[in-house]
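To keep things clear, I will list the structure first and then write my remarks on it.
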Amino acid sequence: MIGLDIGRSTVKAVTRSKNGNSAIQVMFPSIVAPAIEISTDSERSKAALDTVVVNGKSYFFGETAAIQSRVDLDSGMRDDWVFTDEHRALFLGAIKRLKNRGVERTENAIVVVGLPGKHYSNQRGALKDDLSKIYPEGQIIVLPQPLGPFQLMQFQSNGLESDELQRRGNSWGIIEIGQYTTDFCVVLNGRIVERCFGSSNGMTVVAENLQKLLAKRGISIGLEEASRAFVNRQIKHFGQVEDIGDEIDQSIPALAEDIRVKANALMGEHARSLDGILLAGGGAPLIFEHIRSHWPHAKLCDDSRFAVAEGFSRFGAGFQLHKQNQTVKAA
């Protein structure tokens with residue numbers, strides 16, 4: 001069972017060890033470029049690990065694509081991005097990374113992938129069919145992206161129902177803050193509220209604001225570098241390490257307010273009576289305090305960047321248990 005979060009800045013994949021106790025995680029940049037001939041032996045060997053074939057064409061993915069090409073993150077801004085060869089290459093790249101980590105049977109796993117809330121109803125069937133063509137021996141399950149953090153509470157790592165929802169309640173709002181979109185959903189008494197699915201802007205807004213502020217200091221950076229800078233709040237500039245913490249702090253409030261307004265529109269009628277509002281995704285730590293100042297029962301997921309992929313992997317394990325139980329009953 002593989003939980004796969006193909007985000008527009010990074011790809012996160014999670015599966016479990018044989019005993020189910022420890023997670024095996026991989027993460028790499030969501031960058032894809034046509035493969036080119038590499039002249040040095042050492043670099044050719046490294047590039048081979050980051051090469052997949054889609055529709056007869058070879059592509060670099062991840063770090064190799066970032067190093068050997070000029071592709072930046074804005075290549076993922078199209079709404080139909082999930083039906084491109086770039087997306088297919090990232091999917092196959094995640095499977096390859098897990099295989100290289102020693103994960104067995106990666107060719108015929110149950111793979112759970114997500115779609116933004118605003119595209120889920122229209123694209124889920126087509127995405128399942130598309131990925132099934134390049135992954136014919138496995139099983140593809142497509143879920144709304146923001147359900148992953150809820151499933152992180154709903155299931156144990158072995159797929160059994162968790163008692164966490166009994167302790168904490170089973171009515172939650174979920175805000176998953178990614179690179180290009182922030183996705184929302186509401187679960188009331190364990191049931192998904194269809195009208196509360198939605199999406200708004202993601203961390204690209206912060207990255208673009210950061211670019212503008214740094215330009216005033218005479219520093220020009222790309223979208224990928226701006227996005228990476230959120231972690232350590234520094235950049236390298238002509239051999240010098242520049243602290244950009246103040247600029248990052250100034251770049252956040254506009255997106256935080258945008259997310260708060262959209263969240264209020266989608267879940268405001270339920271917010272007061274919810275057991276909590278979960279924040280997940282790579283941008284969650286930066287936005288969390290802004291949301292909690294409005295909704296004090298907001299909670300930040302542990303390891304928020306991997307919350308979707310981890311939740312999906314647990315759902316996949318639960319799905320597998322359900323299949324096994326049905327087989328036993330039929331026998």
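The values are calculated or read from the model by the stated rules, or taken from the named source; none is laboratory data. Treat the numbers as computed from the prediction; the structure is a model and nothing was measured. All Cβ positions, even for glycine, are placed from backbone atoms using ideal geometry, and neighbour counts span all protein chains on display. In case anyone asks, the SASA skips ligands and DNA or RNA and just uses the protein heavy atoms, side chains included. Shrake-Rupley method; radii C 1.70, N 1.55, O 1.52, S 1.80 Å.
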Among residues belonging to segment 122-149 that are in contact (Cβ under 8 Å) with a residue 60 or more places away in the chain and open to solvent by 10 Å² or more (accessible area, probe 1.4 Å), point out the one that is nearest to Ala94 (Cα to Cα).
Ile134
Scan segment 155-174 for residues that are among the aliphatic types (A, V, I, L, M) and in a strand (DSSP E or B) and jot them down.
Ile174
Looking only at segment 165-189, count how many residues are open to solvent by less than 40 Å² (accessible area, probe 1.4 Å) and more than 27 Å from Ser30 (Cβ to Cβ).
6
Hey, among the residues in segment 249-287 that are of a type in the set (A, V, I, L, M) and either touching an Asp or Glu at 6+ places or on another chain (Cβ under 7 Å) or open to solvent by 70 Å² or more (accessible area, probe 1.4 Å) (or both), which one's nearest to Leu152 (Cα to Cα)?
Ala280
Of these, Ser69, Ser9, Ser42, Ser75, which one is of a type in the set (Gly, Ala, Ser) and modelled with pLDDT of 90 or more?
Ser42
What are the pairs, 6+ residues apart or on separate chains, where a residue within segment 27-54 that is in contact (Cβ under 8 Å) with a residue 24 or more places away in the chain and small (Gly, Ala, Ser) has its Cβ under 6 Å from a residue that is part of a loop (DSSP other than H, G, I, E, B) and open to solvent by 20 Å² or more (accessible area, probe 1.4 Å)?
Ser30/Arg8; Ser30/Ser9; Ala33/Ser69; Ala33/Val71
Could you check, for segment 140-153, whether at least one of its residues is among the small types (Gly, Ala, Ser), in a helix (DSSP H, G or I) and more than 30 Å from Ser273 (Cα to Cα)?
no
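Residue-wise test of (1) under 23 Å from Asp5 (Cα atoms); (2) among the charged types (D, E, K, R); (3) modelled with pLDDT of 95 or more; (4) touching a Lys or Arg at 6+ places or on another chain (Cβ under 9 Å).
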residue	(1), (2), (3), (4)
Gly190	yes, no, no, no
Val193	yes, no, no, no
Ser200	yes, no, no, yes
Met203	yes, no, no, no
Leu210	no, no, yes, no
Gly218	no, no, no, no
Phe230	yes, no, no, no
Phe238	no, no, no, no
In segment 238-260, residue farthest from the chain's Cα centre (by Cα) [restricted to those that are under 21 Å from Cys301 (Cα atoms) and not charged (D, E, K, R)]
Pro253
Residue that is open to solvent by 20 Å² or more (accessible area, probe 1.4 Å), more than 20 Å from Tyr135 (Cβ to Cβ) and not hydroxyl-bearing (Ser, Thr, Tyr), where the choices are Lys57, Lys118, Lys99:
Lys118
For a quick check of your reading of the model, give me the residue pairs whose first member lies in segment 226-247 and is within 15 Å of Met203 (Cα to Cα), whose second is among the aliphatic types (A, V, I, L, M) and open to solvent by 30 Å² or more (accessible area, probe 1.4 Å), with beta-carbon atoms closer than 8 Å and at least 6 apart or on different chains.
Phe230/Leu286; Glu247/Leu213
